[in-house]
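Q: Dumping the structure here so I can ask a few things about it.
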Amino acid sequence: MSNRFQIPTIGLAISLALFAAGCGKKHTPAPPPPPPPRPTTETGPSGPPPSTTAAAAPVITQFTAEPTNIQIGQSSTLRWQVSGDVSGVTIDQTIGSVQNTGSRRVFPSQPTTYTLTATGGGGTTTATATVNVAEVPPPPPPTSTRPMGTGGPRTIQSVIGSLQDVFFDYDQSEVRADQQAVLQQDATALKAIVADFPNATIMVEGHCDERGSAEYNLGLGDRRASAVRDYLVQLGVPADRLRTISYGKERPQCTDATEACYQKNRRAHFAPGE
Amino acid sequence: MRKLIWLMVLACGLLAVIFAQQGDINILVTKTESRPKMAIIDFHGSGDAQKFAGTFNQILWSDVEGSGLFNMVSKSLYPAGYPQQPSDFQQPPPLEPPNARRKRSQAPPPVSGNGLWMSDWAGAPVSTTYLTFGFAAAQNGVFVVRGFVFDMRQPTPTGAQVIGKNYLGDISESGARKTAHEFACDIINQFGGKCIAGTHIYYTHQNTKFGAKEIWVMDSDGGNPRQITHYNNVPGSNFVSVSPDGSKIAFTSYAHGQPEIFVYSVDPPRDLRFYNQRASMNGNPSFSPDGQQVIYTSSANGCCRIFIANVNGTGFRPISPPGYIDAEPKINPKNGRDIAFSSDRSGHEQVYTMNIDGGGIERLTDGQGEASNPAWSPDGRTLAFAWTRGYMAGKFNVFLMNVATRSYIQLTHDEGRNENPVFAPDGVHLAFSSDRNGSEQIYTMLADGTAVQKLTSQGYNSNPAWGK
């Protein structure tokens, strides 16, 4: 073979070889799928048996929510009474199966309509009850020129809102020495609050920074709230007016991954009780 | 000479320490090289079934590969031709005697069956131990799959069949998924594994980062997510656990104001009205092996002690001594006697075990960093947990520890924050939470840290619990 043809021929041979080796899959026609196998599906009797007697559907003599208007965080009580030919009663919104007659406390956080469904031999009857939920009104602006307790309009939200947070060290629930002055001031303010608002309770919330596990922080937050509650009681705040709740790390004030933000979150905070 | 002996003693000691940390942790995932090889040929479908063959093949491969039982052979090595049923296999022609003379016009004997000889698959380059093949068809409105598994070490097709079975489903994506999961399950069960297809993962879901937390459930491959709780309050419901028989879940919720325990039946979802003792916090419930009791943590008389109660909450009594934050108790599912929990009794959060009567408290982690989220393997020999060992506070990774020997391995390595590991019923897979891709999501992996798969993507998802 002359030189002129050698290289392109070799090149052609190589590409043909590559083609045959690597591209075969694309060019071999796929074998047709084999004939389908004999079916082995089973069929059973179709449809429910026909009903035999004619009966009246159940009667819902009562389905009410009391009260129909609540504030967020409060509860309403559903009451119901179903009579007649009843085989089952359910209420939606995760309540589920209930007795024919009964009541249930609910805590919706937004306007909710509950549907009661009563089934029986004669059919199905439904009824609804609605609970309206109002947001807590925002606190009025603080009356900054007046110190606490010396007159002027004071609402429970504004006075509790002016109580100072108490801060903690990492993974600690002991009251720090530098927080004792804050607790003294809070105790004084709280004694005035419980005097001025005889029906109010104050919630001490415990919070954590985001670093520990959520499960452990649920406990740590509880200890922080309890530590502050116990300290305040020692300073003379009536114990039955204080409640505690832990929010673990679920309700942070800030979300930056900085020491400053972590410290802001390691706190006890005051809020109106129910 | 003496120096040499001392050096050898030192070296042995060092090796022993290394192996104590790595080797004898008794994990059921064998090294890839020592697993039998498996090749899975793509199934083709006739008629309407062809549309869904792709889904079938993808799920079948993923489930079989994910079992950790086989060394999968890549499809790029497969010959162009392939069998679809045992009768497709052809016998190679008899070998010619060495000195046979052929006429020049006769073609040389074929060296391969182009995928229709056993040796095409048993020999190089495929060299597989087992071969999975078959086909799908639509017949009378049913998606029918014929699936076969052959042992390719056998000399002829006659003695090679290990599995030969039909699988039925709807002619749809979900029918293809179902049949693929069932076939994969049969293969896994045949080769000594336990199938996780058909099991469920319960978890916490939020639409927004600080929105209401609700309990959801999904299939073990992330499919069919369904919402269970609808309290729609903040912080909401969290820390779900499942009863061993799969019929009940328990979780912590703020639905009634304070963090309290709820126990629900699963099917249909129904509040079973767990009795909460008087306390500012009752939480982190989990079940005994017989499902008749619940253990939990409570702030009653001071946070927090571990309590045990009947499954409806009555008859409660404390287990752990008071004075520390004892959290997240979990009963050994095999012996029902040991409890794993996290506690700050020696400083920061660490993982402990104790007897169900509160005695024999032992710390398992060495005191470094923070350790939490203990979870038992189904055989009760291994604990999975989250630990910040080697990293800053908050930088958790998933670890496994052999409870008897205390040897441990680290499965994740600072790909974000990795927490809440739980074992699948097969003892080989784990689910866990990780924020490695920006938002907290649920992942699965094998118990050697490989085959990480992302199961969720919408919103924020965490705290998985793996049940039937």
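Q: Distance between the C-alpha centers of the range B:394-468 and the range B:317-390? Whole Å please.
A: For the range B:394-468 versus the range B:317-390, the Cα centre distance is 18 Å.
Q: Now for a separate question. Gap in Å between the Cα centre of the range B:100-120 and the Cα centre of the range B:32-97?
A: What the calculation gives is 24 Å, centre to centre.
Q: Kirkwood hydrodynamic radius (Cα pairs, Å) of the range B:312-383?
A: 12.6 Å
Q: Tell me the angle of helix B:173-190 to the major Cα principal axis of chain B, expressed in degrees between 0 and 90 and rounded to the nearest ten.
A: The two axes meet at around 90 degrees.
Q: For the range B:51-61, take each phi angle, set θ = phi - 60°, evaluate the Karplus expression 6.51 cos²θ - 1.76 cosθ + 1.60, and give the result in whole Hz per residue in order, putting x for glycine and proline.
A: 4, 10, 5, x, 4, 4, 5, 5, 5, 4, 4
Q: To two decimal places, what compactness ratio does the range B:46-115 give when its Cα radius of gyration is scaled by 2.2 N^0.38 Å?
A: My calculation over the Cα atoms of the range B:46-115 gives 1.71.
Q: Give me Rg/Rg_expected for the range B:405-468, where Rg uses Cα atoms only and Rg_expected = 2.2 N^0.38 Å with N residues.
A: Here the Cα radius of gyration is 1.09 times the empirical estimate.
Q: With the Cα gyration tensor of the range B:227-384 in hand, give its eigenvalues times 5 under a square root as the equivalent ellipsoid semi-axes, listed largest first in whole angstrom.
A: 24, 18, 15
Q: Turning to a different aspect of this structure: Short version: what are the Cα gyration tensor semi-axes of the range B:158-248, square root of 5 times each eigenvalue, largest first, in whole Å?
A: Over the Cα atoms of the range B:158-248, the ellipsoid semi-axes are 36, 15, 9 Å.
Q: If you don't mind, there's one more thing I want to ask. May I ask for the equivalent-ellipsoid semi-axes of chain B, computed as the square root of five times each C-alpha gyration tensor eigenvalue and listed largest first in whole Å?
A: Ellipsoid half-lengths, sorted descending, are 49, 30, 17 Å.
Q: Step through the residues of the range B:195-206 one at a time and calculate ³J(HN,Hα) from phi using the Karplus curve (6.51 cos²θ - 1.76 cosθ + 1.60, θ = phi - 60°), rounding each to whole Hz and writing x for Gly and Pro.
A: Working through the residues one at a time gives 7, 9, 4, x, 8, 10, 10, 8, 6, 9, 10, 10 Hz.
Q: Here's a follow-up. Indicate, rounded to the nearest 5 percent, the antiparallel portion of the DSSP beta bridges found entirely in chain B.
A: Antiparallel: roughly 90 percent of the beta bridges in chain B.
Q: Taking a threshold of 29 Å on the Cα-Cα distance, which of the pairs B:178/B:334; B:31/B:75; A:264/B:213; B:194/B:454; B:165/B:330 fall above it?
A: With Cα atoms farther than 29 Å apart: B:178/B:334; B:165/B:330.
Q: Calculate, for residue B:170 and residue B:31, the FRET efficiency according to 1/(1 + (r/R0)^6) with r their C-beta to C-beta distance and R0 51 Å; round to the nearest 0.05.
A: 0.80
Q: Spin-label point model (7 Å from Cα, Cβ direction): what's the residue B:265 to residue A:271 distance in nm?
A: Between residue B:265 and residue A:271, the simple spin-label model gives 3.4 nm.
Q: Take the alpha-carbon centre of the range B:126-145, take the same for the range B:279-316, and report the distance between them in whole Å.
A: Computed from Cα coordinates, the inter-centre distance equals 50 Å.
Q: Now a separate question. What average count of beta carbons from other chains do you get within 10 Å of the Cβ of residues in B:363-370?
A: The mean count of partner-chain Cβ atoms within 10 Å per residue comes to 1.
Q: Quick one: if you stick a label point 7 Å off each Cα along the C-beta vector at residue B:406 and residue A:157, how many nm between them?
A: Result: 5.6 nm between the two label points.
Q: Next question. Using 0.36 nm per residue of separation minus the Cα-Cα distance, give me the extension gain between residue A:126 and residue A:109 in nm, one decimal.
A: My answer for the length gained is 3.8 nm.
Q: May I have the convex hull volume per residue, in Å³, for the Cα set of the protein assembly as shown?
A: 290 Å³
Q: Kindly write out, for the range B:89-98 in residue order, the coupling ³J(HN,Hα) from the Karplus curve 6.51 cos²θ - 1.76 cosθ + 1.60 (θ = phi - 60°), rounded to whole Hz, with x marking Gly and Pro.
A: For the range B:89-98, the Karplus curve yields 5, 10, 7, x, x, x, 5, 6, x, x Hz.
Q: Can you compute the FRET efficiency between residue A:61 and residue A:230 using 1/(1 + (r/R0)^6), with r the Cβ-Cβ distance and R0 = 51 Å? Round to the nearest 0.05.
A: Here the calculated transfer efficiency is 0.50.
Every number in this text was worked out from the coordinates using simple rules, so none of it is lab data. All figures in this text were calculated on a predicted structure; none of them were measured in a lab. Please note: Cβ atoms are built from the backbone with ideal geometry, for glycine as well, and neighbour counts cover all protein chains shown.
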